[in-house]
């Protein structure tokens, strides 16, 4: 089985939150590496850095720079040890699929560009499941014929 993770799933793995136990249980059960694209990894890194920035401006938002750096370090370690596998992506094919998904579903479902790109990527790499905690992205993935977990 090839499971393709989105950013919400990775955040649940690398920062304690409500869904972390579900993400951890999925990883333990599957025994397989988690697949991600360079876009998902970029979005994860950017989001961690943005949360650290937000926290410096208002301590009630985001999270510490220390936590952000630790998340980035552990992600880097997991990519190096094969727990997270960066899969090669044919971006022109992903963009074509994303355009088709956008035309078919956005007016009725209100999907965001990155959500569409993540679902299109999962389809392009022939993933069996999209790993996400994003309800909107889950709905799009199911409509496009993907399984959704955890």
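The values are calculated or read from the model by the stated rules, or taken from the named source; none is laboratory data. Note that the coordinates shown come from a computational prediction; the quantities given were computed from them, not determined experimentally. Virtual Cβ from ideal backbone geometry, glycine too; neighbours counted across all protein chains shown.
Can you tell me which residues in the range 1-26 are farther than 16 Å from residue 76 by Cβ, without any contact (Cβ under 8 Å) to a residue 40 or more places away in the chain and not in a loop (DSSP other than H, G, I, E, B)? 20, 21, 24, listed by residue number. Within the range 61-82, residues that are within 16 Å of residue 37 (Cα to Cα) sit with their Cβ atoms under 8 Å from residues that are outside any helix (DSSP H, G or I) and at pLDDT below 95, at 6+ positions apart or across chains, in these pairs: 82/33. Taken residue by residue, the range 34-45 has no member that is over 19 Å from the mean Cα position of the chain (by Cα), part of a helix (DSSP H, G or I) and either without any contact (Cβ under 8 Å) to a residue 40 or more places away in the chain or more than 15 Å from residue 7 (Cβ to Cβ) (or both).
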